[in-house]
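Worksheet: one structure, shown below.
The numbers here are math on the coordinates, done by the rules we state, and not lab data. Just so we're clear, the structure is a prediction, and the values are computed from it rather than from any experiment. Every residue, glycine among them, receives a Cβ derived from its backbone with ideal geometry; neighbour counts consider all protein chains shown.
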Amino acid sequence: MMDPGLAIILTGVLISIACALPGAFLVLRKMAMMADAISHAILPGIVAAYFLARGPDLLAGFLGAAAAAVITVSLIEALANTRKMGGDSAIGLVFPAMFALGTFLVSKYFANVHLDNDAVLYGNIEFVGFENMLVMGFNLGPQALWVMAILCVINLLFVGLLFKELKLSTFDPGLAAALGFSPVLLHYLLMTVTSVTAVGAFTAVGAVLVVALMIIPAATAYLLTDDLKQMIVISCLVGALAAVLGYGIARLINASVSGAIVTVLGVQFLLVVLFSPAHGLVAKARRLERQRVQFALQSLLVHLHHHEAQVGEEHEAELRHLSAELRWTRDFAERIVNTALDRNYIVRQNGHLVLTQDGRQLASRLIA
Amino acid sequence: MSIFTELFTDYTLRNVALGSALLGVVSGVLGCFAVLRRQGLIGDALAHAALPGICIAYLLTGAKTPLVLMLGAAVSGWIGVWALLRLVQHTRIKEDAALGIVLSAFFGFGILLLTFISRRNDANQAGLDKYLFGQAATLTTGDVEAMAVLGMIALVLVAVFFKELKILAFDSEFAASLGFNTHAINLLLTTLIVVAIVIGLRTVGVVLMAAMLIGPAVAARQWTNKLSVMCALAALFGALAGVSGALISISESRLPTGPMVILSMTVIAAFSVFFAPARGLVWEWVQLARHRAQLRRGLAAGK
């Protein structure tokens, strides 16, 4: 039998990758909340399948959940199309209703049997090692592992074979339609792949955390790169890393593995929001600051150039006057003057500022 | 004894009915503004984001005092909305992804804390997980009083700033051009929505609370074109759903309250969407069919 810890880590990594693959497109197509709605709304489908199949049945579960997903997506679109409410209200009306129906059924008919409401929310990846796949008497290892491996392959094929079509219809649906690709068909294919993945991941990580695995790695990657292929690869890596780290943390403090995985995802995302070289807040702030100094420097040079060899030149070149006229604080004015002195654009003469040859050249180029 | 006489004599029933009516009224009224601003889903992110706050408040104080847990929920819900708005404003993450990220990341962290708390050998923690799907049967008079105080403050603020909230809901750019401080009004609205959600957490739970903002407002919108009437109707629908859901849930001990409240709300909303006069879909279909028939008759007569 496979070591339970290893089984959990492997399943976690496979779920993360399976979810991250469609995730990139969900984020780019602004369908994150649709994915959230689907992952909640499949619950009544799973419960109905459990009911009809008289027990947990993999195929019935998939079919029931897929049916629930189709009903949800069409209901949301139909409600939004009536124009009686906004698209966000339509989403916010339909999926809580489906989810409430599911949890009602679970607590009324299945409480403490096999499904319970806590598992619905955050799954029980902890138990993947105990449910093994038996084929003709052979024990092939944890069933969840197999399911997620198959889903990974399906999603890889989906993204790999339809990469060009998905890319085009994501970035320019009009052109895609004009070239003869069907954006509507691709939309529904993506929805289908999303719901099938959500069903597969549901028992392991629950309804709410599936969304985290789909959206957060993709959004993290989106802040790191502008290339779609790189984005997909990075989001798989981000998800897999979180699965491994999350398992470690959960073992360490004895808490839910899926909760820990998502917490790690959140921390990774926060770090990237702050420190991404291209789109991070720190990089952005530094870029802004550099531009601010550059602009102030140029204003100073142009100001000095303007008043050069005129009456009151000396007064205009005093530090105190600068801060008043350019509306700079005294500290900022000093900083800019020092920068200009460092770069040899100006020199101090008898307590006021005079342009050097370099400074004059730059200033005349700026106002030319 | 009939349920109506019990409602006034039985301690639990009275608390449950009062508490769920309160949450319905407050979330109904505030939901109107959120829905008209197309920000209904912000409530979803906010409610999920409240979970870690509840757990942290418990870890810090070691007590399950309702007001303390509510405060924790409010603070972390507030941080969630703040993070959401910052993400949309300062990064290239779009609103829907930001919603999904805040909602699921905060909730995941909350689950981590919740399972951490419940797996320690800590007898006192039992019941914290009731905040997931809500449990109206355990409401005490203290809970209801805390909810009533917060709810009254929120409703008074709505009444005082009704004009400002109204103009923000319909045309925030116009409001800004008239000199209204739209940032401040937006802040007020967000804070009031935080209060509405916090009031409902004990009864409906973090997972489904957002639907109590959207459902009553969508239903009320069907019956009127006037904001004040819409608010009153939404309050009525919210209270109706709250009370009926809570009563159904405690009549069968195993049912969590949140899903029952939301299912009652869904029935009201669905009825309104289909059958409300003028805006109801059924009347629209009837009208359409009548026009078609008239046109067909006209064409036949003209032949």
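In this calculation the C-beta distance from A:L241 to A:L319 is compared with R0 = 41 Å, giving a FRET efficiency of 0.20. Size of the stretch B:3-157 from its Cα atoms: along the principal axes, largest to smallest, the extents are 57, 44, 23 Å.
For the residues A:L93, A:L63, A:L353, a GNM of chain A with alpha-carbon springs under 10 Å puts the largest fluctuation on A:L353. Cα centroid separation, the stretch A:209-245 to the stretch A:334-368: 48 Å. Note on B:D96, A:D57, B:D44: ascending count of other Cβ atoms within 10 Å places them as A:D57, B:D96, B:D44, the fewest first.
For chain A, taking Cα atoms only, Rg and Dmax work out to 29.6, 102 Å respectively. Per-residue packing, averaged as other Cβ atoms within 10 Å, sorts the ranges A:291-300, B:46-55 into the order B:46-55, A:291-300, beginning with the highest. Per residue of B:42-49, other chain Cβ atoms within 10 Å of the residue Cβ number 2 on average. Which distance in Å, rounded to a whole number, links the C-alpha centroids of the stretch A:118-184 and the stretch B:129-197? If you average the Cα positions of each part, the centres end up 41 Å apart.
Put simply, when B:104-115, A:4-15, A:327-338, B:80-91 are sorted by average Cβ atoms within 10 angstrom per residue, most first, you get B:104-115, A:4-15, B:80-91, A:327-338. Adding -39500 (n - 2.57) for every DSSP H run of four residues or longer, then dividing by how many residues chain B holds, sets the calculated 222 nm ellipticity at -27000 deg cm²/dmol.
Mean per-residue shielding of peptide A:76-88 is 4, counting Cβ atoms of other chains within 10 Å of each Cβ. Find how many whole Å separate the alpha carbon centroid of the stretch B:3-78 from the alpha carbon centroid of the stretch A:285-311. A separation of 55 Å, based on Cα centres. Relative to the longest principal axis of the Cα atoms of chain B, helix B:182-204 runs at roughly 70 degrees.
Relative to the current alpha-carbon distance between A:H306 and A:A278, full extension at 0.36 nm per residue lengthens the span by 6.3 nm.
If you run the Gaussian network model on chain A, springs between alpha carbon atoms under 10 Å, then out of A:P217, A:P142, A:P22 the most flexible one is A:P142. One decimal place: the segment B:H90-B:F180 gains 30.0 nm when fully extended, by the rule 0.36 nm per residue minus the C-alpha distance.
Annotation: the residues A:C236, B:C231, sorted from fewest to most other C-beta atoms within 10 Å of their own C-beta, follow the order A:C236, B:C231.
The count of lysine pairs in the protein assembly as shown that are at least 8 places apart or cross chains, and whose C-alpha atoms lie under 16 Å apart, stands at 8. Peptide A:262-268 has a mean shielding of 6, counted as Cβ atoms of other protein chains within 10 Å of each residue's Cβ. Per-residue 3J(HN,Hα) values for the stretch A:88-103, derived from phi via the Karplus relation 6.51 cos²θ - 1.76 cosθ + 1.60 with θ = phi - 60°, read 5, 5, 4, 4, x, 8, 6, 6, x, 5, 4, 5, 5, 4, x, 5 Hz in sequence order (x marks Gly and Pro).
By the count of neighbouring beta-carbon atoms within 10 Å, fewest first, B:S20, A:S364, A:S16, A:S107 end up ordered A:S364, A:S107, A:S16, B:S20. For the pair A:F110 and B:R120, a Förster radius of 25 Å applied to the C-beta separation gives a FRET efficiency near 0.35, rounded to the nearest 0.05. For A:S323, the shell of other residues with beta-carbons less than 14 Å away shows a net charge of -1, using +1 for Lys and Arg and -1 for Asp and Glu.
On a 0 to 90° scale, report how tilted helix A:257-275 is relative to the longest principal axis of chain A, with both axes built from alpha carbons and the result rounded to the nearest 10. Helix A:257-275 sits at roughly 20 degrees to that axis.
Its DSSP H runs of at least 4 residues, each contributing -39,500 (n - 2.57), put the calculated 222 nm mean residue ellipticity of chain A at -25500 deg cm²/dmol, to the nearest 500.
Highest GNM mean-square fluctuation among A:L355, A:L157, A:L166, for chain A modelled with Cα contacts below 10 Å: A:L355. Residue-normalised convex hull volume from the C-alpha trace of the protein assembly as shown: 261 Å³ per residue.
Here chain A is assigned +1 on the Cβ of each Lys and Arg and -1 on the Cβ of each Asp and Glu. Its dipole about the Cα centre then comes out at about 300 debye.
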